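Every number in this text was worked out from the coordinates using simple rules, so none of it is lab data. Since we're looking at a predicted model, the values are computed, not measured. Virtual Cβ from ideal backbone geometry, glycine too; neighbours counted across all protein chains shown.
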Amino acid sequence: MPPSTTKPAAGLAALAATALCACSHAPKGPNVLLISIDSLRADHLSCYGYPRATTPAIDRIASEGMLFEQHMSSSSWTLPGHASLFTGLPDSIHGAFDTGHKLPDAAHTLAERFQAAGYATQGFFAGPYLHPAFGFAQGFDSYLDCASYASELDASAMQDPQQNKELNQKSHSDITNPTVYSAWQKWLAGRGEKPFFTFLHLWDVHFDYIPPAPFDKQFDPDYQGSVTGRNFFSDPSINASMPERDKQHVISLYDGEIAWTDSFVQKIREDLERAGLLENTILVITSDHGEELFDHGGKGHRMTLYDEVIHIPLVVRYPASLPKGARIHAQTASLDVLPTLLELAGLPAPTDVLGTSLAPFAHDPAAAHPRRAVSELASVGRNMRTVRSLEYKLYDDVARDAHYYFDLAQDPLEKSGLTDFETELGQRAVAGYTTEVQRMEAFLNAHPPQAQESVIPEGVRGQLEHFGYTEGESKQPAKAPPPK
Ligand SMILES: [Zn+2]
């Protein structure tokens, strides 16, 4: 969708384009290649400490750039995770937090910002929730659906519950990396003179786990059982109580999908190198959410906000501005990617986002940053929000009227929820939660929602009083944490 001419931020973007165009008609900023690998949990990449060599290509890119160790998604599923990546806003502000909601036309996306600055903008996607029906095509000169069932998709199909269900099932068995890759190669060969902002969505790590040979046997060549990675989510026999050997095989197939996808990252890197573009391209590898592999008794994603589903990788390579091999331990969030890319590209800092640029970490590990990440899930009957720092993670589980936090230093796997908010850590967790919600409220006051979708879901707002934030009757957190 074309950007609205009435957007307040269009002036900023135009100013940026003017600055870049001082010497010629084409802007001279660096290229940006943003790769989102769907469903990729950070702790299954070798550069994030996983013992298996799942990601040699990403490891190398990380060793030549910056890796953010504690990077969190805004949510635990595809639609809101990407909407936050594209807008620098949390789910309850950008509004695309559930099926039936979309990024409003008034959203000011990464692609729109680069397009307004004179960039060529292309997107290639391969999963149903990246469809233009959800507002993701805004700002792209071209936005190509690389799914095998693309011809069956239109906006009505995405919004019809039955068709939506059927398409989702088809998407799970789809193999799309080769299609995305050949579309990228074709585009790269015919690109023009302008710098580019290109988005590649690599879908295949998303269940089902059906990597092609040799990746299907790479991490578990001796398995003799009958369990496969097909129908991972819908098959009830694949569960936390299944035999351990079979469970490990399923996880090996997930890892095989990661290795298969990493092999495409290597090809893409080689393409950039061959075209002489690698050094002048800001290369970003990230994800939209992680994946639960029975960590808390469940599987898949879009069910909880535990770390296995919100902790995602962020690796950025841009030798002109970023150090080699830097690892940043600060708490960061997917909202931060948009302002980071604008700063690295020399464009003006955005005033209409809640993310904070990570570029200062290149020179200063103590750079100013909120050091908290907000994640939300308001879908499939869930209505919850977490605020995470390096020391705590507080859950406001509105749907279950439960409030608890984890001491991440003592309990990094989030096994024992705490409800005593009178402790020093409990008080800090509540203070951090309150600060983040106040930031969101202040943002909404300064930037009133321009679409019906862009409001804090009812219930989330009402529950803020549990922490004494609103003027309503104060309630003490009372419910026990989940037993898992
Ligand atoms: Zn996803």
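Quick notes on this structure:
- The simple spin-label model puts a point 7 Å past each Cα toward its Cβ; for Q248 and E193 those points are separated by 6.0 nm.
- Relative contact order for region 29-360, counting Cα pairs under 8 Å that sit 6 or more residues apart, in percent: 34
- As a proxy for reagent exposure, W187, W203 were ordered by neighbouring Cβ count within 10 angstrom, fewest first; the result is W187, W203.
- Model label points for S182 and Y50, set 7 angstrom from Cα along the Cα-to-Cβ axis, are 2.7 nm apart.
- C-alpha center-to-center spacing [region 247-298, region 362-415] in angstrom: 25
- Between Q427 and D401, the FRET efficiency from the beta-carbon distance, with R0 = 22 Å, is close to 0.55.
- Mean sequence separation of contacting Cα pairs (under 8 Å, at least six apart), scaled by the length of region 301-387, corresponds to a relative contact order of 32 percent.
- Cα centroid separation, region 304-360 to region 214-232 (Å): 35
- Efficiency of FRET from Cβ geometry, A320 and N168, R₀ 51 Å, rounded to 0.05: 0.80
- If the chain linking D420 and A240 were pulled fully straight, counting 0.36 nm for each residue of separation and taking away their Cα-Cα distance, it would gain 61.8 nm.
- Overall, the anisotropy analysis places region 372-428 in the prolate class: the square-rooted eigenvalues a ≥ b ≥ c of its C-alpha gyration tensor yield a/c not less than 1.5, with a/b exceeding b/c.
- Taking other Cβ atoms within 10 Å as a rough exposure proxy, H369, H301, H403 sort from fewest to most as H369, H403, H301.
- Cα→Cβ-extended label distance, 7 Å offset, between F294 and K267, nm: 3.3
- The ranking of L144, L103, L390 by Cβ neighbour count inside 10 Å, starting from the fewest, reads L390, L144, L103.
- Listed peptides 173-181, 122-130 appear in the order 122-130, 173-181 once ranked by packing, highest mean of other Cβ atoms within 10 Å at the front.
- Shape of region 196-315, Cα gyration tensor, a/c cut at 1.5: oblate
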